[in-house]
Amino acid sequence: MSSLLDRFTSLHPTLEDGLLELVFDGPQLNSVTEEMHADLAVVWPAIDADPDVRAVLVRGANGVFSAGGNFGMIDKAIDDHAYRTRVFKETRAIPHAMLECSKPIVSAVQGVAVGAGLVVAILSDVTVAARDARLMDGHTRLGLAAGDVGVIAWPLLCGMAKAKYHLLTCEPLSGEQAADIGLVTESVDAADVDERARHIARRLSTGAQDAIRFTKMALNHWYRMMGPAFDFSVAAEMYGLGGPDVREGVAAIREKREPQFRT
């Protein structure tokens, strides 16, 4: 039996006939806990090295993908420099690790996809979203530079004009809109998302593995070219955690009001 099933329990892994399923499952719209964030940084090399895994399906429990990192993590990163350094390393590692994983990754997106959840959704090789799903990069609304996956992926997927608009304004996208601009692969009715994504993942798991993996790795060079820009964006995001705007951004969301940024 694959050791993945014992090592990464925060992601609820299951493995059947070469298809590994990872599930975001937790309170607050499947928000990413400290343990999940740490696991997301290291699970992809383990998947790549596991001969029993041929493809990966990532989905959320209870009709929701993931609302991203919870406010507890943000509060801790604001106040604790050592913890912020840990978050910086993990945040930088997740996209790099996904890009270096040769096994094909498929995401099934329902409900909301924000933060670390959105990273996984956007950097998956195939992303199936519900038409009424809600995708949003919320960094600037929090008073932070758009780190995570925005700079490395959005301009390539949907063009610079759309990328700048959505990353600068935090304007959300429905799954249907995201498919229309090329941010995700396709959109379907919510009831069909998991079935459609699983069908694609099964097809990839039974295909010619060397051909599929080498093609994926070759295509990922488009992302690798943007590695320096991505690294800068993550560093800028972490820099913002030491400033005043993020405190106001978090407070505004908690108090359900518009933020009053001072810088």
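The values are calculated or read from the model by the stated rules, or taken from the named source; none is laboratory data. These numbers come from a predicted model, not from an experiment. No Cβ is skipped: glycine too gets one built from the backbone with ideal geometry, and neighbour counts run over all protein chains shown. Side chains included, ligands, DNA and RNA excluded: accessible areas come from the protein's heavy atoms. Shrake-Rupley method; radii C 1.70, N 1.55, O 1.52, S 1.80 Å.
Glu90 fulfils the conditions (1) in contact (Cβ under 8 Å) with a residue 24 or more places away in the chain; (2) acidic (Asp, Glu); (3) closer than 28 Å to Asp192 by Cα except for a single criterion, (3).
Out of segment 43-62, which residues are open to solvent by less than 40 Å² (accessible area, probe 1.4 Å) and either part of a loop (DSSP other than H, G, I, E, B) or farther than 26 Å from Leu15 by Cβ (or both)?
Residues satisfying the conditions are Asp50, Val53, Ala61.
Search segment 236-252 for residues being of a type in the set (A, V, I, L, M) and surrounded by 15 or more Cβ atoms within 10 Å (Cβ to Cβ), and hand back the single one that is farthest from Asp125 (Cα to Cα). Filtering segment 236-252 for residues that are of a type in the set (A, V, I, L, M) and surrounded by 15 or more Cβ atoms within 10 Å (Cβ to Cβ), the one farthest from Asp125 (Cα to Cα) comes out as Ala252. Here Asp245, Asp231 are screened, and the one residue that is modelled with pLDDT of 95 or more, more than 23 Å from the chain's Cα centre (by Cα) and closer than 21 Å to Asp148 by Cα is Asp245.
Do you know which of the residues in segment 63-85 that are within 18 Å of the chain's Cα centre (by Cα) and either of a type in the set (D, E, K, R) or more than 24 Å from Arg7 (Cβ to Cβ) (or both) is most open to solvent (accessible area, probe 1.4 Å)? Filtering first and then ranking leaves Phe71. All of (1) closer than 19 Å to Asp137 by Cα; (2) surrounded by fewer than 22 Cβ atoms within 10 Å (Cβ to Cβ); (3) out of contact with any strand residue (DSSP E or B) (no Cβ under 7 Å at 6 or more places or on another chain) hold for Leu40 with one exception: (2). In the condition set (1) modelled with pLDDT under 95; (2) surrounded by 21 or more Cβ atoms within 10 Å (Cβ to Cβ); (3) polar (S, T, N, Q), Ser2 is compliant with all but (2). The sole residue among Arg257, Arg213 that is in a helix (DSSP H, G or I) and either under 23 Å from the mean Cα position of the chain (by Cα) or not aromatic (Phe, Trp, Tyr) (or both) is Arg213. Kindly indicate whether Gln177 is in contact with a Lys or Arg (Cβ under 8 Å, 6 or more places away or on another chain), among the polar types (S, T, N, Q) and open to solvent by 30 Å² or more (accessible area, probe 1.4 Å). Considered against the rule, which asks whether it is in contact with a Lys or Arg (Cβ under 8 Å, 6 or more places away or on another chain), among the polar types (S, T, N, Q) and open to solvent by 30 Å² or more (accessible area, probe 1.4 Å), Gln177 comes out as no. Across segment 86-124, the qualifying residues are those that are part of a strand (DSSP E or B) and open to solvent by 10 Å² or more (accessible area, probe 1.4 Å), and the one among them that is farthest from Ser174 (Cα to Cα) is Val114.
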